[in-house]
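Since the structure comes first, as structure tokens, the remarks are kept for the end.
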Amino acid sequence: MNVEKPSRELSVGEILSLTFNLYLSKFLQFFLPFLISGIIIGIFTYAITSSFPMPTPPSATPSYEELIAWFFALISTIIVIGILSGLVLWIVGTTITGVVIKNASDQIEKGTSNLGVSFNFSISKLPSLLVAQFVASILIAIGLLLFIVPGIIIAIMFSLVIPAIIVEQQGGFESLGRSRRLVSNRWLKTFALLLVLVIIVLIVNGVASVLAMPFNFIHPIINPLVTNIISAFVAPIYPIAITYLYYAMVAREIPPHPF
């Protein structure tokens, strides 16, 4: 398959079409990173939840002190599990997203890519990637708490931070401003693309969770593993699509050639 770098702004339909064509033509190169990360995250998730079991509920007629002690123990356990699981998702997820975006960028720019090269490059940019993702996630979370809409706007604004770091080698904070400039005046298009991608991912993840439920009766670790493996089939679509969106927005910045 010949992959051409966009020389003009692309529609949402064109971005999705190019995304699926590239993914299917280089399936293993995009699927394997998310398969491996899914297995790693599944194992860590099981290890974390096993290491911090939920406290035993109090008796049917607990005293006030017992109820308070159980409640604080429950909240503490949930917070610890949330923080540790979030760290794993943050580091592993950000790294693999960088790998796939680098892979997609090389396919678009050069017509060829190498997973080893993409992984090493992503690792070299990991501090910037983690900083950008952390800042963007905090701002999005704050925005979502403020009646949801501000969070959606911030998510659109910072949707291209990782391509800015991987392709342009921007710093962590610089990538935030670069992403905002790239999507300026194209908020609705970016929102439409992200909405389609989120719906696809949510549907597949929901199906994966349902299919993985019976495995709880075999062993608890199998459930997150099966869920993450199934989700890995659709996970590459998002980073490939935002890579194409990035190139489409960059092409928009280039002034047309005079006749």
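The values are calculated or read from the model by the stated rules, or taken from the named source; none is laboratory data. Predicted model only: the values in this text are computed from it and were never measured. Cβ: placed from backbone, ideal geometry, glycine included. Neighbour counts: every protein chain shown.
What are the pairs with Cβ atoms under 7 angstrom where one residue, in segment 72-88, is in contact (Cβ under 8 Å) with a residue 12 or more places away in the chain and the other, located anywhere, is part of a helix (DSSP H, G or I) and loosely packed, with under 12 Cβ neighbours inside 10 Å? Sequence gap at least six, or different chains.
Nothing qualifies.
Mind checking whether some residue in segment 141-164 is buried (at least 19 other Cβ atoms within 10 Å of the Cβ), closer than 24 Å to F27 by Cβ, of a type in the set (S, T, N, Q) and out of contact with any strand residue (DSSP E or B) (no Cβ under 7 Å at 6 or more places or on another chain)?
No: segment 141-164 contains no residue that is buried (at least 19 other Cβ atoms within 10 Å of the Cβ), closer than 24 Å to F27 by Cβ, of a type in the set (S, T, N, Q) and out of contact with any strand residue (DSSP E or B) (no Cβ under 7 Å at 6 or more places or on another chain).
Would you pick out the residues in segment 77-121 that are farther than 23 Å from E4 by Cα and of a type in the set (G, A, S)?
Selection gives G82, S85, G86, G93.
For segment 1-38, enumerate the residues that are at pLDDT 90 or above and among the charged types (D, E, K, R).
Answer for segment 1-38, where residues must be at pLDDT 90 or above and among the charged types (D, E, K, R): E14, K26.
Are any residues in segment 88-125 within 15 Å of the chain's Cα centre (by Cα) and of a type in the set (S, T, N, Q), and if so, which ones?
T94, T95, T97, S122
Give the residues of segment 169-205 that are among the charged types (D, E, K, R), surrounded by 15 or more Cβ atoms within 10 Å (Cβ to Cβ) and part of a helix (DSSP H, G or I), sorted by residue number. Lay out the reasoning, then the answer.
Taking segment 169-205 as the starting set, the residues that turn out to be among the charged types (D, E, K, R) are 174, 178, 180-181, 186, 189.
Those still in the list that are surrounded by 15 or more Cβ atoms within 10 Å (Cβ to Cβ) too: 174, 178, 180, 186, 189.
Passing the criteria: E174, R178, R180, K189.
Please specify each residue of segment 1-38 satisfying the condition of being surrounded by fewer than 14 Cβ atoms within 10 Å (Cβ to Cβ) and of a type in the set (K, R).
R8
If you go through segment 54-66 one residue at a time, do you hit one that is within 33 Å of the chain's Cα centre (by Cα), assigned to a loop (DSSP other than H, G, I, E, B), modelled with pLDDT under 90 and exposed (fewer than 11 other Cβ atoms within 10 Å of the Cβ)?
In the first step, residues of segment 54-66 are kept if they are within 33 Å of the chain's Cα centre (by Cα); the result is 54-55.
Filter once more, keeping what is assigned to a loop (DSSP other than H, G, I, E, B): 54-55.
Among the residues that remain, those that are also modelled with pLDDT under 90 are: 54-55.
Right, trim to exposed (fewer than 11 other Cβ atoms within 10 Å of the Cβ) and you get none.
No, the conditions are met nowhere in segment 54-66.
Show the residue pairs that are 6+ apart or on different chains and have beta-carbon atoms under 7 Å apart, the first residue being within segment 1-19 and among the hydrophobic types (A, V, I, L, M, F, W, C), the second being modelled with pLDDT under 90 and not in a helix (DSSP H, G or I).
Qualifying pairs under 7 Å: V3/G111.
Just to be sure before I move on: is P214 in contact with a Gly (Cβ under 7 Å, 6 or more places away or on another chain), part of a helix (DSSP H, G or I) and within 26 Å of I36 (Cβ to Cβ) in the structure I sent?
No; evaluated as a whole, the condition is false for this residue.
Name, by its number, the condition in (1) crowded, with 16+ Cβ neighbours inside 10 Å; (2) among the hydrophobic types (A, V, I, L, M, F, W, C); (3) in a helix (DSSP H, G or I) that does not hold for V234.
(3)
What are the pairs, 6+ residues apart or on separate chains, where a residue within segment 162-177 that is farther than 16 Å from N103 by Cβ and without any contact (Cβ under 8 Å) to a residue 24 or more places away in the chain has its Cβ under 7 Å from a residue that is small (G, A, S) and crowded, with 20+ Cβ neighbours inside 10 Å?
none
Of these, V92, V99, V131, which one is under 28 Å from P224 (Cα atoms), in contact with a Pro (Cβ under 6 Å, 6 or more places away or on another chain), touching a residue at least 12 places away in the same chain (Cβ under 8 Å) and in a helix (DSSP H, G or I)? So that I can check it myself, show each step before the final result.
On the way: V92 fails: in contact with a Pro (Cβ under 6 Å, 6 or more places away or on another chain); V131 fails: in contact with a Pro (Cβ under 6 Å, 6 or more places away or on another chain).
Criteria check complete, one pass: V99.
Could you tell me whether segment 39-46 includes any residue that is exposed (fewer than 13 other Cβ atoms within 10 Å of the Cβ), of a type in the set (A, V, I, L, M, F, W, C), modelled with pLDDT under 95 and more than 29 Å from L195 (Cα to Cα)?
no
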